[in-house]
Amino acid sequence: MAMTLRLTEEQERALTLLADAQGVSKQEATVRAILEAAARHTHDERVRALSRRGRDRYATLLDRLSR
């Protein structure tokens, strides 16, 4: 799928720096950044969900330990 990405001059400079640092094209740097951000978001959401379940499951114990 083709897509046009419009960047400010500052964003373009940042993308160029990122691509140069990784030794890849700007297109590849963009794809990598998107995939890394998606993986990080998915991981963070999963950790939050597991934390909520743990807090719910052990609420009584956690309350007693906090006294």
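The values are calculated or read from the model by the stated rules, or taken from the named source; none is laboratory data. Small disclaimer: the values here were computed from a predicted structure and weren't measured. A quick note on method: Cβ atoms are made from the backbone with ideal geometry, for glycine too, and the neighbour counts reach across all protein chains shown.
A Cβ distance below 8 Å, combined with a sequence gap of six or more or placement on separate chains, defines the contacts here; from region 31-56, residues that are closer than 30 Å to Ala2 by Cβ reach residues that are modelled with pLDDT of 95 or more and surrounded by 10 or more Cβ atoms within 10 Å (Cβ to Cβ) in the pairs Arg32/Gln22; Arg32/Val24; Ala33/Leu18.
Of the residues in region 23-30, not one is assigned to a helix (DSSP H, G or I), free of Cβ contacts under 8 Å to residues at least 12 places away in the same chain and in contact with a Lys or Arg (Cβ under 9 Å, 6 or more places away or on another chain).
Conditions (1) touching a strand residue (DSSP E or B) at 6+ places or on another chain (Cβ under 7 Å); (2) of a type outside the set (Val, Ile, Thr); (3) at pLDDT 95 or above, marked per residue:
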| site | (1), (2), (3) |
| --- | --- |
| Met3 | no, yes, no |
| Leu7 | no, yes, yes |
| Thr16 | no, no, yes |
| Glu28 | no, yes, yes |
| Arg32 | no, yes, yes |
| Asp56 | no, yes, no |
| Thr60 | no, no, no |
| Asp63 | no, yes, no |
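Arg67 meets the conditions (1) part of a helix (DSSP H, G or I); (2) over 30 Å from Met1 (Cα atoms); (3) over 20 Å from the mean Cα position of the chain (by Cα) in every case but one. The failed one is (1).
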